[in-house]
Amino acid sequence: MNTTRPCGCKGYRTCLHCESSFNILLIEPEQFKIKEDAPTFVYCPFCNLCYPATDAEAYKQHPNHIGKPKRLEGFYIELDFLTDKEHNMLLAGIDSMPWDPSQSGRRKQNFGPKCNFKGRKMKLGDFQGFPSFSKFVQDKFKRVPILKDFQTIEQCSLEYDPERGASIDPHVDDCWVWGERIVTVNLLSDSVLIMTKNQNPKKYNLDLVSTYPKVVGNTIKTNLEKLNNVEECNNEDVILVPMPNKSLLVMYGKARYVYEHRILRKDITSRRVCLAYREFTPIFLENGECYKEGQIITEQAKQFFSVN
C-alpha cells in the first residue's frame, strides 16, 4: 500500500492501527529478515565486549559472563545518566508539547533543519532551536568525555508504544548531514537496539565517510585486555545492545557506519520515549564546502525557547 495513511505509515511500513483498519498483512521485507540460527551476542557496557546470549539483559550477569566474547567498536553506554527527578521533569516537558505521527507506529517531535538526504539539500525551515526544558541534557553532555565537543544540530523526541506496534526498520543514519556520534537518551522503559551488518554500502550517503576525519578514537577498553585473540564480530553476528531507562547511548565508528540498527516491535512491551541527538558532518563545519549554510543552522541550534 503506497499511500500515506492517517497513522503516519506509508509504503511497506505499517503499525497495528493501519494493519487493522486497511486489512494489511504484515510481511517483513526479505532484506530485513534475521536468520533464526544467526549467532547472537549481547553487548556489555562494563566490559565493552559482546557475549553469546539471546536476552539483552544478559549484561546484568557482569562479571560472570558465559562464553567467548567478541569485539564491536562503537558504543558508549552510561547507565543512570539521568536522575529520577531529571527523568520525570524531562518527560513532563516532552508530553506538554504536541506529538506528530510518524511511521511504523511511532510519534515524534522534531527540532532541527529540514533535510533531503537523497538530494543532499538542507534548509533552516522553521527551526527555532530547542525547548528550554531539555537544555540541561545538552549541558550534561559536556561532562561526558566522548561528547565534550558535541554540538547538537537536531534533537528529536520519539515515542514507541506497544498499543500501536511501534518499531523502526534497520537503517544507518544519514552520513551527508549527520556526523559520527549518534546519541540517544532513553526514558520510561528498557529496550534493545539490534545491530546487523549493513548489506547496502551504497545507501545512506556512506560514500562520503572515507573523506571525514575520525571524531572518536579507538576507545575500546576492557578488563580482559590480556585476551589477545578476542575476535571481531562478523557479517553473520547479531548484536543486542541494551538501552535501559535513564541511560545514555553513544554510537560511533564501526557500529555507526558498518552496521544497521533497528528496534523490533516485540521488544516494545511498554511505552518508551527517547531523545535522539545529531551533530553535523565536517561538510557543514569550518573549512567545509557548506560551512556558510551550516553556520546559520549552528547558531540557531544554540538557542532555547520557552514552551509556556
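Each value in this text was obtained by applying a stated rule to the coordinates, not by laboratory testing. Owing to the predicted nature of the structure, the values given are computational and were not obtained by experimental measurement. For neighbour counting, all protein chains shown are included, and Cβ atoms are generated from backbone atoms with ideal geometry for every residue, glycine included.
Numbers at a glance
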{"quantity": "Helix-only [θ]222 nm of the chain, DSSP H runs n ≥ 4, -39500 (n - 2.57) each, per residue, nearest 500", "calculated": "-3500 deg cm²/dmol"}
{"quantity": "Only Lys, Arg (+1) and Asp, Glu (-1) charged, at Cβ; the chain dipole about Cα centre in debye", "calculated": "380 debye"}
{"quantity": "Intensity falloff of the range 82-177 expressed as log10 I(q)/I(0), Debye formula with alpha-carbon point scatterers, at q = 0.12, 0.22, 0.25 Å⁻¹", "calculated": "-0.50, -1.40, -1.38"}
{"quantity": "Ranked packing of 168-175, 301-308, most packed first, by mean Cβ within 10 Å", "calculated": "168-175, 301-308"}
{"quantity": "The range 178-302 - percent relative contact order, Cα under 8 Å, separation 6 or more", "calculated": "49 percent"}
{"quantity": "Contact order normalised by residue count of the chain, Cα under 8 Å, 6+ apart, percent", "calculated": "28 percent"}
{"quantity": "Kirkwood-based Rg to Rh ratio, the range 35-305, C-alpha trace", "calculated": "0.95"}
{"quantity": "From phi via Karplus (6.51, -1.76, 1.60), per-residue ³J(HN,Hα) for the range 127-137 in Hz, x at Gly/Pro", "calculated": "5, 10, x, 10, x, 5, 5, 9, 4, 4, 5"}
{"quantity": "Options Leu147, Tyr291, Phe127, ranked by Cα towards positive dipole end of the chain, top entry (Cβ charges)", "calculated": "Tyr291"}
{"quantity": "Long-range amide H partners of Thr14 with built H, under 5 Å", "calculated": "Ser104"}
{"quantity": "Relative contact order of the range 35-76, defined on C-alpha pairs under 8 angstrom at six or more residues apart (%)", "calculated": "35 percent"}
{"quantity": "Alpha carbon Rg of the range 1-114, scaled by the compact-globule rule 2.2 N^0.38 Å", "calculated": "1.47"}
